[in-house]
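Below is one structure, written out as structure tokens, with a few remarks after it.
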Amino acid sequence: MKNRLIKRLIVVVITTAVVLLAFFNALVFWVLTGPRSLDALTPYIENSFKTPDGSYSVRIGQTWLAWDGWRHPIDIRLHDVTVLTKDGQLFSSFPEISMGIDIWALPLGEVLPSSLTVRHPVVSLFQNDDHSLSFGFRKETPAPAADTQPPSGTIPASDATPPDVATMPVAGLLQPLLSPDSSSGLRKLRFVTIRDAEISVGNRHGVFFEASDVNIRAHRDHSDNLELTTDAHIRYGDYQSTLGTKFEFIKDAPTIDGIVEFKGLMPGVLATLFSDEPVFKMMNLPLSGNIMLALDTNGMPQKMSFKIEGGGGEIHSDKFNVTLPVSAASAEGQISNQFHDIQLDHVMVNFDNSSLSGSGVVSLNDNDAAIRADGELKNMPVDKAHLYWPASISPESRQWIVDNISGGTVPEAKVHIDIHFGDLAKPVLPKEDVDASITVENTKVRYLPEHPQATGIKSVVHIDGVSLNADILAGEYMKGTKLTGGKLEIADLNADNPHIVTSVEADTTAKDAVAFLKLPRVNHAPKLNLNEDSIEGTAHVKAKVGFDFFAPHDANGKPIGEPNIDYDVTADVKDIAQAGLLNKFDVKNCTGQLTINNNGVTFKGAADVNGAHASETKILYLFKPEKGYDTFIDVTATAPVESLPKFGYPAFSFLKGGMLGVKASDKQGDNSEQATATVDLTNATVALKEANWTKPDKEPASVELAVDKKDGDVTVTSLQLKGKNTDVSGSMGLSKDLSSIARLTLSKADIGQTSLQKTEL
């Protein structure tokens with residue numbers, strides 16, 4: 001009995017299978033000889049697309065059953081499908097849609113789509129004047145007026161979408177797939193595929209953006225999680241790029257995760273077409289890479305990570321007001337906290353032969369920002385420094401550097417930025433917000449507008465939020481000056497007229513030193529009668545100079561008033577030779593220390609002067625005279641008798657030869673001179689014929705003189721001659737050439753056995 005029942009069941013199963021197979025083959029044959037019209041099912045299919053809230057509806061022109069290959073032997077084709085909004089306005093239209101159906105719902109009298117495939121749809125979007133987009137389709141429109149020209153980058157087109165079209169939010173499109181209602185006709189829909197779509201965006205000027213070969217695939221699994229992928233080729237202006245996306249919509253998850261991959265994307269061009277976002281508009285270079293996104297359920301970005309490579313192009317910024325040529329670029333980082341925190345793990349930009357790299361974090365809060373970053377710039381030409389320095393930051397200092405520093409390179413520059421919330425609102429950044437170190441090589445610096453450039457400068461510059469300090473390692477100045485060290489300091493970079501202080505150490509020539517003393521702002525010593533063409537010698541100089549960036553000028557650009565400059569120069573001079581110093585001294589073998597400051601010039605040392613050897617000399621020349629005198633000389637020297645007139649002393653007829661020991665002090669003005677001297681006559685011969693007296697050589701004797709010169713008249717106001725059995729006092733008037741005595745008055749004359757009182761000769 002049991003075996004008989006099993007046999008009957010087997011027969012029933014086999015018979016049913018044969019019948020079903022025959023029915024399937026008949027159905028396939030019926031489809032193959034088709035297509036077959038299923039217009040009777042059209043109302044059911046239209047009803048299956050309805051949403052409970054009635055936000056949109058579907059109208060189908062024709063329904064056909066067709067063969068689509070052995071993988072899909074039965075395929076329902078929907079022709080002339082239109083989607084209407086709640087108000088009955090056209091939302092979108094498709095020439096043909098392939099639809100798979102849930103066969104298990106058919107016995108229940110329902111036609112429930114399980115998959116939709118749209119082939120080669122054409123979609124047009126219209127851009128409103130506020131850059132917002134509306135959905136719509138192309139239709140013929142009158143040509144634009146003659147005075148209306150399409151903007152640069154527009155793709156010529158004879159059709160455009162009218163502005164009066166319907167719109168629908170993205171959430172409304174995805175809702176049937178994300179959260180299908182239990183009564184929705186789309187509750188069984190698992191796959192939506194769009195193949196080879198064409199999308200265009202136009203405005204009242206015409207079409208300016210096209211996407212071709214667009215493929216979109218949406219898959220909802222049995223847990224109602226949705227995966228959406230797209231890929232497309234886009235064209236805008238003269239540029240073409242590829243774009244692909246993949247997003248995952250996890251049911252009940254707070255965010256939508258996705259990735260956007262692109263190649264050859266031109267953000268600057270796209271930003272110009274679709275928005276006014278300045279960050280993207282500044283980048284006119286092709287970018288390739290990917291962006292990982294997390295969006296909220298309304299489509300607003302919550303966080304993002306990116307890895308981007310850039311090709312050749314340019315970056316333009318209104319803050320810099322320049323265009324930077326870029327050969328390559330890359331960036332990697334994250335944006336989180338609803339785009340309030342931006343982290344750059346790495347950024348690199350190559351500008352021709354230079355490169356900029358760095359990392360950092362930017363935190364945004366209302367209209368404020370905190371920035372913590374490190375950057376490194378390599379191989380930057382100094383002439384391009386202004387390209388990386390925004391004109392709004394320390395504009396006066398920037399201008400001085402642009403105007404006065406040129407040539408050379410920055411092999412390396414490093415900067416650390418630590419700007420806290422509130423710092424950007426302050427008049428100037430706090431000192432500790434910026435810490436930069438810049439190495440400069442082979443550059444030229446003009447410290448003062450009227451002065452020659454220092455060349456071959458090698459320096460390490462340190463900059464903080466307030467000041468600049470530079471260590472000068474080497475350089476050259478004028479014709480023969482070698483800088484061996486020094487510093488440059490700017491205490492306040494933000495001042496309207498910043499003050500610069502530079503101190504240098506250098507080996508120079510006397511020619512350069514004299515040429516420097518004749519430059520504007522320091523040309524206060526013409527009376528010294530120094531000549532850079534004839535002077536010889538060398539010096540080791542230590543100089544400190546302070547001055548304002550910008551000297552006051554009149555309307556014609558000429559300096560006015562007393563320039564604000566302070567200088568203190570000390571030079572160890574060696575083997576200086578100069579004829580005609582102070583218009584009366586021929587100097588040779590001068591060695592000592594020279595000091596120049598705002599008050600004047602001081603020399604201390606030894607020299608051969610007018611045939612005399614000055615073992616101790618001090619010369620002070622004041623730029624502003626004191627009580628009518630500007631030159632003060634103190635000297636200890638040995639001099640031949642015949643050299644006295646060269647120093648402004650009489651050619652005494654009673655001195656017959658030999659070497660004199662002289663200690664003299666002299667002060668000079670424009671028309672007057674006062675001098676005192678003590679002359680050791682021990683090594684000279686003294687012969688007073690009038691008194692029949694001769695001082696033998698080597699016998700101690702001395703003469704003390706006080707000399708006045710005024711308007712060319714020379715007077716020895718005091719004369720005291722002392723020696724063995726000799727004591728003479730008096731005064732005398734001299735000829736202008738000091739060659740003869742015009743008047744002699746002796747108040748006392750004890751010479752040997754002769755004594756004279758109040759004698760005039």
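The values are calculated or read from the model by the stated rules, or taken from the named source; none is laboratory data. Please read these numbers as outputs of a predicted model, since none were measured by experiment. Here the Cβ positions follow ideal geometry from the backbone for every residue, glycine too, while neighbour counts run over all protein chains shown. Heavy atoms of the whole protein, side chains included, go into the accessibility calculation; ligands, DNA and RNA do not. Shrake-Rupley method; radii C 1.70, N 1.55, O 1.52, S 1.80 Å.
Counted over segment 222-306 with a bin width of 10 Å, the fraction of Cα pairs per bin, in whole percents, is 17, 40, 32, 10, 1. Counting only aspartates and glutamates at least 8 places from LYS698 when in the same chain, those with an alpha carbon closer than 19 Å to its own are GLU642, ASP680, ASP727. Using only the Cα atoms of segment 197-353, each taken as one equal point scatterer with no solvent, compute I(q) by the Debye sum, divide by I(0), and report log10 of the ratio at q = 0.09, 0.13, 0.16 Å⁻¹. Debye output, listed in q order: -0.35, -0.73, -1.07. Using a probe of 1.4 angstrom and keeping all protein chains present, the accessible surface of segment 607-667 works out to 46 square angstrom per residue. Taking θ as phi - 60° and the Karplus parameters 6.51, -1.76 and 1.60, the scalar couplings of segment 250-267 work out to 8, 4, 6, 7, x, 10, 10, 9, x, 9, 10, 10, 8, 9, x, 7, 9, x Hz in sequence order, x denoting glycine and proline.
Placing a label point 7 Å from the Cα of ASN599 along the Cα-to-Cβ direction, the residues of segment 616-636 whose backbone N falls under 20 Å from that point are 617-635.
Based on C-alpha pairs under 8 angstrom that are at least 6 apart in sequence, segment 586-631 has a relative contact order of 32 percent. Derived scalar couplings between HN and Hα for segment 576-588 equal 6, 9, 8, 8, x, 4, 6, 6, 8, 10, 9, 9, 9 Hz in order, rounded to whole Hz, by the Karplus curve 6.51 cos²θ - 1.76 cosθ + 1.60 (θ = phi - 60°), x for Gly and Pro.
Kindly list the residues of segment 586-613 that lie in the label zone of VAL501, defined by a backbone N under 19 Å from the point 7 Å along the Cα-to-C-beta vector. So the set is 596-599.
Looking at this model, which pairs from LYS574/LYS667; LYS656/LYS748; LYS50/LYS86 are more than 19 angstrom apart at the alpha-carbon? From LYS574/LYS667; LYS656/LYS748; LYS50/LYS86, over 19 Å: LYS574/LYS667; LYS656/LYS748.
Based on Cα contacts under 8 Å between residues 6+ apart, segment 234-338 shows a relative contact order of 20 percent. For segment 660-718, dividing the convex hull volume of the Cα atoms by the residue count gives 87 Å³ per residue. Which net charge results for the neighbourhood of SER503, defined as the other residues with beta-carbon distances under 10 angstrom from its beta-carbon, given Lys and Arg at +1 and Asp and Glu at -1? Its environment carries a net charge of 0. For THR685, what is the net charge nearby, where nearby means another residue's Cβ is under 11 Å from its Cβ and Lys, Arg count +1, Asp, Glu -1? Result for the neighbourhood of THR685: +1.
Take segment 420-496 with all the other protein chains still there, run a 1.4 Å probe, and you get 50 Å² of accessible area per residue. In this structure the amide hydrogen of GLY485, modeled in the peptide plane, comes within under 5 Å of the amide hydrogens of GLU505, none closer than 5 places in sequence on its chain. Looking at segment 282-417, the accessible area is 52 square angstrom per residue; that uses a 1.4 Å probe and ignores ligands, DNA and RNA. In order along segment 405-419, phi translates into HN-Hα couplings of 10, 8, x, x, 9, 10, x, 7, 9, 10, 9, 10, 10, 9, 9 Hz, rounded to whole numbers, per the Karplus curve 6.51 cos²θ - 1.76 cosθ + 1.60 with θ = phi - 60° and x for Gly and Pro. Near LEU125, the amide H atoms lying under 5 Å from its own belong to SER200, VAL201, GLY202; only residues 5 or more places off or on other chains count, and H is placed 1.01 Å from N.
Taking the 1.4 Å solvent-accessible surface of segment 367-489 as the whole, the part contributed by carbon and sulfur is 56%. Computed over protein heavy atoms with a 1.4 Å probe, the carbon and sulfur contribution to the accessible area of segment 608-662 reaches 58%. With a sphere of radius 12 Å drawn around the Cβ of GLY486, what net charge do the other residues whose Cβ falls strictly inside it have (Lys, Arg +1; Asp, Glu -1)? Once all neighbours under 12 Å are counted, the net charge is +2.
Among the chymotrypsin sites (Phe, Trp or Tyr not before Pro) in segment 578-656, none sits in a DSSP loop with a Cβ that has at most 14 other Cβ atoms within 10 Å. Roughly speaking, what % of Cα-Cα pairs in segment 554-711 are separated by over 24 Å, rounded to a whole number? That fraction is 44 percent.
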